[in-house]
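The block underneath contains the structure these notes are about, expressed in structure tokens.
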Amino acid sequence: MSRPLNFDLIAFDWDGTLFDSTQIIVRCIQAAVVDVGGAKPSDEAAAYVIGLGLMQALAHAAPDVPESRYPELSQRYKHHYMRRQNDISLFDGALTLLAELKERGHILTVATGKSRRGLDEALQAVELKGRFDASRTADETAGKPHPLMLHELMREFDVAPERTLMIGDTTHDLQMALNAGCASVGVSYGAHEPDAFEVLRPLAVLHSVTELQTWLRAHA
């Protein structure tokens, strides 16, 4: 097995990076806010919070909803998401990408704003159990862009920041990598517009899973 060229540990965001869920999450956030009497957030406002922990995201997306109604807001989001989660799938080519990286000897991990239960259900639904060496979710550690998720993953495998790469579709992902002292790659096909990525110094901004796979072959 060949040693990884530049990075031993690769951390993937989930929604919008590997999982084609951005539009469904946006619609579920909007529906949940309206359900509790808040003003419907714009597509841009709802997409911006993807990647954050659920309560942090909903509070940001619904500034006119009182804090006392956050638990109800959370339940309404989960209600709408559960109804539509079977409509969500991996991006085309993601399984092939992960298999190739695994064959090269990379440590593959997930760092996501999803809950532990939500991630585990997604991994089972797409038959991905065992493909990742470890994962961290927002409800079991600090949410993005705090670097704790990446710090914990690096400690678990004794990998230095300079040997760690974060891949994500939001500024939250890239800021987390910057905060952790790690390199990052942004993908433009998820929740955030890539114009905001440059200031966070990703090594590359890629526009499809195929482009991501090609870049990783050459640089990871």
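Computed from the coordinates by the stated procedures, all read-outs in this text should not be read as laboratory data. What you see is a predicted model, and the numbers here were worked out from it, not measured in a lab. Neighbour counts are summed over all protein chains in view; Cβ atoms, including those assigned to glycine, are modelled from backbone coordinates with ideal geometry.
Give the lysines reachable from Lys102 as a straight Cα distance under 22 Å; neighbours fewer than 8 places away on the same chain don't count. Output for Lys102: Lys129. Dipole magnitude for region 59-213: about 380 debye, using +1 per Lys or Arg Cβ and -1 per Asp or Glu Cβ, origin at the Cα centre. Remark: Asp8, Asp92 ranked as Asp92, Asp8, counting other beta-carbon atoms within 10 Å and listing the fewest first.
Were the residues from Arg131 through Asp35 laid out at 0.36 nm apart, the gain over their Cα-Cα distance would be 30.8 nm. From the alpha carbon centroid of region 159-181 to that of region 69-131 is 19 Å. Given +1 at the Cβ of Lys and Arg, -1 at the Cβ of Asp and Glu and no other charges, the dipole of region 22-87 around its Cα centre is 220 debye to the nearest 20.
Per-residue Cβ neighbour counts within 10 Å put Asp195, Asp120, Asp13 in the sequence Asp195, Asp120, Asp13, beginning with the fewest.
Within region 21-129, the proportion of C-alpha pairs whose separation exceeds 23 Å stands at 34%. Each of Ser68, Ser135, Ser188, Ser21 was scored by other Cβ atoms within 10 Å of its Cβ. Listed from fewest to most, they are Ser68, Ser188, Ser135, Ser21.
The simple spin-label model puts a point 7 Å past each Cα toward its Cβ; for His219 and Val199 those points are separated by 2.1 nm. When DSSP beta bridges are restricted to pairs lying wholly in region 1-147, around 10% turn out antiparallel.
If you bin all the Cα-Cα distances of region 71-150 at 5 Å, starting from zero, the percentages per bin are 3, 13, 20, 22, 21, 14, 5, 2, 1, 0. Over the Cα atoms of the chain, the radius of gyration divided by the Kirkwood radius equals 0.96; this is the Rg/Rh ratio. The charge dipole of region 54-123, taken about the Cα centre with unit charges on the Cβ atoms of Lys, Arg (+1) and Asp, Glu (-1), comes to about 180 debye, rounded to the nearest 20. Distance from the Cα centroid of region 33-62 to that of region 182-202 is 21 Å (rounded to whole angstrom). Helices assigned as whole DSSP H runs in the chain whose Cα atoms extend at least 18 Å along their own long axis and whose mean Kyte-Doolittle hydropathy is -0.5 or higher are found at 22-35.
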